[in-house]
Structures are given as C-alpha cells and as structure tokens.
1. Of the residues in the range 64-93, how many are of a type in the set (A, V, I, L, M, F, W, C) and over 20 Å from F131 (Cβ atoms)?
2. How many residues are on the phi < 0 side of the Ramachandran plot, modelled with pLDDT under 95 and either of a type in the set (S, T, Y) or not in a helix (DSSP H, G or I) (or both) if we restrict to the range 88-119?
3. Under 16 Å from the mean Cα position of the chain (by Cα), over 20 Å from E3 (Cβ atoms) and crowded, with 17+ Cβ neighbours inside 10 Å: does that describe Y79?
4. Have a look at L99, L71 and point out the one that is among the aliphatic types (A, V, I, L, M) and farther than 22 Å from F27 by Cβ.
5. In the range 3-18, how many are aliphatic (A, V, I, L, M) and exposed (fewer than 13 other Cβ atoms within 10 Å of the Cβ)?
6. Would you check which residues across the range 138-161 are of a type outside the set (K, R), more than 16 Å from F28 (Cβ to Cβ) and out of contact with any helix residue (DSSP H, G or I) (no Cβ under 9 Å at 6 or more places or on another chain) and list them?
7. So, of the residues in the range 82-112 that are touching a residue at least 60 places away in the same chain (Cβ under 8 Å) and under 20 Å from E32 (Cα atoms), which turns out to be nearest to the chain's Cα centre (by Cα)?
8. Tally time: how many residues in the range 1-50 are polar (S, T, N, Q), touching a helix residue (DSSP H, G or I) at 6+ places or on another chain (Cβ under 9 Å) and in a loop (DSSP other than H, G, I, E, B)?
Amino acid sequence: MEEIKYRRRIKPTDVAAIEEIVRASGFFSTAETEIAVELAQEKLELGSDSSYEFLFAEDAGRVIGYACWGLIPATMGSYDIYWIAIQPQLRGRGIGKKLLTETEKIIFEAGGRQIYVDTSSRQQYEPTRIFYEKCGYHQGALLKDFYAPGDGKIIYVKILK
C-alpha cells in the first residue's frame with residue numbers, strides 16, 4: 001500500500017466506489033446502500049449547493065474509504081457524520097481512524113463545535129461502537145427500537161477543541 005492521499009472533490013467514478021465499499025461492508029441494507037449512493041449523486045449534481053460534504057481516502061488512485069457529513073440545519077456548528085466506511089479487507093490498519101481524524105479537522109476548520117454520529121445497537125455493530133469510543137466519542141443517547149424491534153439507535157457525540 002502506498003501513502004494514502006485525501007481529496008474532497010467528488011468525481012463521477014466515486015459513486016460506484018461508494019456503492020462497492022458500503023455493499024462490501026456487510027453492515028448495510030440495500031436501502032441504506034441506495035441512500036449512500038443518492039447522497040453522492042446529489043453532491044455531483046448540485047455541487048456546492050448540496051449540504052453533503054465528502055472526503056475520500058485513496059491508495060494508488062483507488063478509493064479505499066470515504067466519509068460523508070454535513071452541518072445540521074438550524075444549528076450553530078453541530079455536524080452529523082452520515083457515513084464513514086473503508087474497504088473491509090483494510091479494517092484494523094488505522095485507515096478509518098485517520099479518515100475520521102481528517103474529517104474532524106475539516107469540520108473544526110469550518111466552525112464545527114460538535115459532531116454526532118449514530119449507529120445500531122445490534123451486536124453486529126459492536127466493533128463500530130468500539131471504534132467511535134476509541135476515537136473520543138461518547139454515547140449521548142440511546143433510542144430503543146428505533147430501526148426495528150430490538151434494534152436501537154445509539155447516538156455518539158464528540159466535542160471539538
């Protein structure tokens with residue numbers, strides 16, 4: 001693996017890369033994968049008029065991970081991270097942490113004060129929850145049975161400094 005490079009500008013080829021990464025993760029439903037693709041397509045179509053922002057991690061010109069976030073409407077510096085995902089075979093190498101750190105820097109430089117990210121309470125998502133906790137996020141809320149009976153929504157928060 002070469003040195004990972006980051007870029008903000010979305011390209012048409014990124015839509016397929018996003019779909020591949022999200023689908024290959026094994027975590028997301030078909031509907032969730034479609035949403036990830038829709039956000040990228042909106043950014044391509046609307047450019048700076050889209051409220052979604054992206055950061056891509058590339059190795060030798062190939063997208064290996066990405067993050068998508070946006071300012072929460074009607075707030076002063078509160079941001080949601082909608083997606084952060086890397087190629088499954090690259091997990092455990094610190095790439096996701098570096099991608100998240102780079103995203104946090106961009107949000108902070110844009111005036112972000114706090115970041116929210118949510119995930120499922122299902123056992124399958126335990127590694128995701130551990131990841132966020134290791135990256136300095138704390139559980140801000142648990143909404144029981146949010147996604148489905150027995151599948152709650154856990155909202156993590158990080159205050160930026």
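1. Taking the range 64-93 and keeping what is of a type in the set (A, V, I, L, M, F, W, C), we get 64, 67-69, 71-72, 74, 76, 81, 83-86, 90.
Restricting the remaining residues to those that are over 20 Å from F131 (Cβ atoms) gives 71-72, 74, 76.
Qualifying residue count, the range 64-93: 4.
2. Residues in the range 88-119 being on the phi < 0 side of the Ramachandran plot, modelled with pLDDT under 95 and either of a type in the set (S, T, Y) or not in a helix (DSSP H, G or I) (or both): 2 in total.
3. Taking the combined requirement at face value, the residue satisfies it.
4. Result: L71 is the single residue among L99, L71 that is among the aliphatic types (A, V, I, L, M) and farther than 22 Å from F27 by Cβ.
5. Within the range 3-18, the subset aliphatic (A, V, I, L, M) is 4, 10, 15-18.
Narrowing further to those that are exposed (fewer than 13 other Cβ atoms within 10 Å of the Cβ): 16.
Number satisfying all stated conditions: 1.
6. Answer for the range 138-161, where residues must be of a type outside the set (K, R), more than 16 Å from F28 (Cβ to Cβ) and out of contact with any helix residue (DSSP H, G or I) (no Cβ under 9 Å at 6 or more places or on another chain): G140, A141, L142, L143, D145, P149, G150, G152, I155, V157, I159.
7. Checking each candidate, the answer is W83.
8. 2
The values are calculated or read from the model by the stated rules, or taken from the named source; none is laboratory data. What you are looking at is a predicted structure, and each value in this text was computed from that prediction instead of being measured. Ideal geometry is used to build each Cβ from the backbone, glycine not excepted, and the neighbour counts take in all protein chains shown.
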